[in-house]
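Everything on this sheet refers to the single structure shown next.
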Amino acid sequence: MKMDNIFITIGIPVKNEEENIEALLKNIFLQDYNLKYVEIIFVDDGCTDKTVPEINRILSIGIIDYKILTYNEKGLGIARQMIINSAKGKYILWIDADIKFNNNFISEQVKYMEENPSVGIGKGKLIFIKQKNLLSILENLNEYALGITSRKYQKSNYLFGICGSICRTEALRSVGGFDTKIKGAGEDIDLTLKLSRKWNFGKNVSVYYHPPTSTWHDLWRRYYWYGYGNHYVNNVHKGSILLLNYVPFLSIVIGIRDIILINQLNGNIFSLFLPILYFFKNSAWMMGYLRSHFEGYGHMTLNK
């Protein structure tokens, strides 16, 4: 791999991340990848705290090229598209301000893409940062179960979030990038569905860590918002989202299946609570989806 042929854009939308931004930038500074070939593009989503001054304070010493773009709460689709439009890199690595990653995170992502030229998007492995509460344990078990089912049933799942992923800039531009009409959740799902028509997908060995949702209330709000946004996506890409997968009572059956799979490989008593987690998440998702339907969000879109 020739370093002088590689240039990475790191795309980071930020909104009031004063508490996280310094740790994130230190994490980037500690990477084993040569930062000479890296730029960071921040998109300021109306920060009202000291996020932007902190970015300028830390990065003004010139260790890494960076720029800060601004927009006013017009949706993540627009924010992420601004990054694509401004990116110099051959690849764009998408991260959120509150994640952590190993020191070889960038190099592993780049190595994977260089070795797989037909891949348009490569996804790192998500691990939730361990907390001493049931919710974080269950979220990690949920990710573990997804990994098992992906290998066991050889699923090609394009419905994943963009955080922790590296994309070939050429691939993003070839499909028109993000749908800037999407105002809420779902802009990354829409993108991956468009990419799947022209490019391969892959999962690489890079690992990133994300703090789990701290409360059941916040988890409900998040999945409600996912469901609301995915109604739009399902109208743009007809039949791309199988609603049967989100029926709350059927999710209990999936939870029981995952209990069996997990305990065949690595017994964990907390896996017994997975059906409750799945039922809770899918109930929130379906409520959001139904509200979006009754409000007509996405009904005027054309099938792309």
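The values are calculated or read from the model by the stated rules, or taken from the named source; none is laboratory data. Bear in mind that the values here come from a model prediction, so they are computed numbers and not experimental data. We place every Cβ from the backbone using ideal geometry, glycine too, and count neighbours over all the protein chains shown.
In the range 103-125, the residue that is surrounded by the most Cβ atoms within 10 Å (Cβ to Cβ) out of those that are in contact with a strand residue (DSSP E or B) (Cβ under 6 Å, 6 or more places away or on another chain) and hydrophobic (A, V, I, L, M, F, W, C) is 121.
Considered as a group, the residues in the range 261-283 that are at pLDDT below 90 and in contact with a Ser or Thr (Cβ under 9 Å, 6 or more places away or on another chain) include one that is surrounded by the fewest Cβ atoms within 10 Å (Cβ to Cβ), and that residue is 263.
Let's see how each residue does on (1) aromatic (Phe, Trp, Tyr); (2) without any contact (Cβ under 8 Å) to a residue 40 or more places away in the chain; (3) surrounded by 17 or more Cβ atoms within 10 Å (Cβ to Cβ); (4) over 19 Å from residue 177 (Cα atoms):
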{"position": "52", "(1), (2), (3), (4)": "no, yes, yes, yes"}
{"position": "59", "(1), (2), (3), (4)": "no, yes, yes, yes"}
{"position": "71", "(1), (2), (3), (4)": "yes, yes, no, no"}
{"position": "75", "(1), (2), (3), (4)": "no, no, yes, no"}
{"position": "84", "(1), (2), (3), (4)": "no, no, yes, no"}
{"position": "87", "(1), (2), (3), (4)": "no, no, yes, no"}
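Within the range 197-221, the residues that satisfy the criterion of being in contact (Cβ under 8 Å) with a residue 12 or more places away in the chain and under 27 Å from residue 291 (Cβ atoms) are 210, 212, 213, 214, 215, 216, 219, 220, 221. Residues of the range 173-192 that are aliphatic (A, V, I, L, M) and under 14 Å from the mean Cα position of the chain (by Cα): 185, 189, 191. Scanning the range 204-217 for residues that are surrounded by fewer than 16 Cβ atoms within 10 Å (Cβ to Cβ) and part of a strand (DSSP E or B) gives a single hit, 205.
Considering only residues that are of a type in the set (Val, Ile, Thr) and farther than 20 Å from residue 217 by Cβ, which ones fall in the range 99-145? First the steps, then the outcome.
Quick first cut of the range 99-145, residues of a type in the set (Val, Ile, Thr) only: 99, 106, 110, 119, 121, 127, 129, 137.
Correct list: 99, 106, 110, 119, 121, 127.
Look at residue 92 and say whether it is among the hydrophobic types (A, V, I, L, M, F, W, C), outside the structural domain of residue 276 (by TED's automatic domain parsing), touching a helix residue (DSSP H, G or I) at 6+ places or on another chain (Cβ under 8 Å) and modelled with pLDDT of 95 or more. Write out each step before concluding.
Working: among the hydrophobic types (A, V, I, L, M, F, W, C): yes; outside the structural domain of residue 276 (by TED's automatic domain parsing): yes; touching a helix residue (DSSP H, G or I) at 6+ places or on another chain (Cβ under 8 Å): yes; modelled with pLDDT of 95 or more: yes.
It is true that residue 92 is among the hydrophobic types (A, V, I, L, M, F, W, C), outside the structural domain of residue 276 (by TED's automatic domain parsing), touching a helix residue (DSSP H, G or I) at 6+ places or on another chain (Cβ under 8 Å) and modelled with pLDDT of 95 or more.
The set of residues in the range 218-258 being part of a loop (DSSP other than H, G, I, E, B) and touching an Asp or Glu at 6+ places or on another chain (Cβ under 8 Å) consists of 237 alone. Taking (1) surrounded by fewer than 19 Cβ atoms within 10 Å (Cβ to Cβ); (2) at pLDDT below 90; (3) under 19 Å from the mean Cα position of the chain (by Cα); (4) of a type in the set (D, E, K, R) in turn, residue 100 satisfies each apart from (2).
Would it be correct to say that residue 180 is closer than 21 Å to residue 141 by Cβ and outside any helix (DSSP H, G or I)? Full working, then the answer.
Values: closer than 21 Å to residue 141 by Cβ: no; outside any helix (DSSP H, G or I): yes.
No.
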